Amino acid sequence: MTKSSTLLSIDQFAFNVGAHTKAIRENSLPFHTAYVKGDDAQQRDLRVRWMCNHMAGSLGIALAAATIIRDKGKGAGATKAHVAAIDKAYSDFRYYVVQNKAKGKDVTRDSITLTPEQRAAMKALDMSCGTIAEMKAVFAAYVANMKAE
């Protein structure tokens, strides 16, 4: 990737990111179709190939090195950059290839009715977290603890 000689405004940059995201999502349909029609082995093959190539691209490393990072996983010895690359590759795979959609009616924010108690709990969570990522992490920890009980 080369550096641009023209500095973009935040508006231009955001627009470009949005336009590229839209184009990538639209062009991912053949991979989504292959994934949902594939058996477990074929789905795993697509996922592993995606993960390794995505990480090679995002970290600017050879495919062989990305494969080693993926195989080692996020456990002891993994750098923060490698964990972030693994997480981003997996997230993008879920978004672009798997494209999970709820069965039946899609759930939207307009189709959910919150009780006053739920609204208060959500507001308290929002007020206690500094970022969306922190809110998601707190909620994920809550769900994990519920499953453990």
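No lab work stands behind these numbers, since they all come straight from the coordinates. No experiment lies behind these values; they were computed from the predicted model shown. Note that we place each Cβ from the backbone using ideal geometry, even for glycine, and neighbour counts take in every protein chain shown.
Tabulated data
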quantity: 10 Å Cβ shell holding at most 10 others, DSSP loop, trypsin sites (Lys or Arg not before Pro): longest site-free stretch of the chain; calculated: 4-100
quantity: Pairwise label distance in nanometres, Lys37 with Arg25, each label 7 Å out on the Cα-Cβ vector; calculated: 2.3 nm
quantity: All-pairs alpha carbon distance profile, the chain, 10 Å steps from 0, percent; calculated: 9, 23, 35, 26, 7, 0
quantity: Highest-fluctuation residue, Ala120, Ala65, Ala81 considered, GNM on the chain with Cα pairs under 10 Å; calculated: Ala120
quantity: Selected from Ala64, Tyr90, Asn27, residue furthest toward positive end of dipole (the chain; charges at beta carbon); calculated: Ala64
quantity: Net length gained if the chain between Ala81 and Val143 were fully extended (0.36 nm per residue, minus Cα distance); calculated: 19.7 nm
